[in-house]
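Accompanying notes for the structure given below.
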DNA sequence: ACTGCCGGTCTGTTCACCGGACCATGGTCG
DNA sequence: CGACCATGGTCCGGTGAACAGACCGGCAGT
């Protein structure tokens, strides 16, 4: 979003939430974590974000309890915490709004309920089951709106195949 | 949020949405519009935002089709457009996350379905009706978590009484 | 020992936000 | 009719964040 931390004095919890996820890049970073990205370099390739800012955001998100940082195979690995996974409705509703109100009519990505294969509606509900599946029960796949602006990096290519959210994204070499 | 416009190259519509509502202050301004605030000075009193930035945000939101600007009684009046009202799930889910993950356990504000009086759940559903009411069908009232940080301005005082979203907030003189 | 990858840090420039002064319009009151 | 004041801005100098790009330390492979 866009702050420098400091919506002082605002009693409203919206302001507190924005202090955590309101800075520039933060929600795009979190989206990538839902998609299964877990490493520094993959985020950098996908987002074209400055290294310094990415470092600052990851450190901040870890400090705020949204991510954990562990080490795997000698490299840092970042994972969403429970609080981080609870941000899914925020990411989903913003992306949906963007599709419907600033983009084309066709969605760039479609989410379906893994249990039954039905696509979820604009509010995230599974029409077949009547539930609102959490991100762990969703599968993403590219939508009908082939986006001419689509990026070409390892992460973007990996997302051309259907992928279950929160599971590690397998990035093809080269 | 926190950008200066320019998540260039990002095909994802989340990035497009963030170009519109991702800058600092924007979502807090929109929250106030849902609460029924419609005028420059009231926003300024409630948010402690610089005049220049508030002007820039309002102009930007009008340009992006989220607000309309009309004149009433010789003063500008800003109203949410259909696209603006469609942002309710974003504002709601962020505020809810803030309550549950960075604040106390008790909500600062509670939303209930105007048709039946039932409080909506964490995903915005009315448990009695089984629907997800839009903002026009919701009533806000202060929650049980009396917030010690609560502000004291005309807008905050007006919100101490239950109020239907999107209807004009009556601001007591002085 | 050399090379390359990964995950950073450091630096200088640009740009947005901040607080506060200033200003134009329109209504009110004596 | 003139003074005053509320509203809704604009303008300006200072500060802090983000950007692009250079640099660097640890580790793996060969």
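The values are calculated or read from the model by the stated rules, or taken from the named source; none is laboratory data. Everything quoted here is computed from the prediction, not taken from an experiment. Cβ sites come from the backbone with ideal geometry, for glycine too, and all protein chains shown count toward neighbours.
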Which one of these does residue B:84 not meet: (1) within 16 Å of DNA strand D (Cβ to nearest atom); (2) surrounded by 15 or more Cβ atoms within 10 Å (Cβ to Cβ); (3) at pLDDT 95 or above?
(1)
If we ask which residues in the range A:26-50 are at pLDDT below 95 and crowded, with 23+ Cβ neighbours inside 10 Å, their number turns out to be 2
Have a look at A:21, A:53 and point out the one that is within 8 Å of chain B (Cβ to nearest Cβ) and either modelled with pLDDT of 95 or more or under 20 Å from residue A:71 (Cα atoms) (or both).
A:21
Condition first: within 16 Å of the chain's Cα centre (by Cα), within 11 Å of DNA strand C (Cβ to nearest atom) and free of Cβ contacts under 8 Å to residues at least 12 places away in the same chain. Now tell me which residues in the range A:44-59 satisfy that.
A:44
Out of the residues in the range A:24-41 that are more than 8 Å from every other protein chain (Cβ to nearest Cβ) and outside any helix (DSSP H, G or I), state the one that is farthest from residue A:75 (Cα to Cα).
A:35
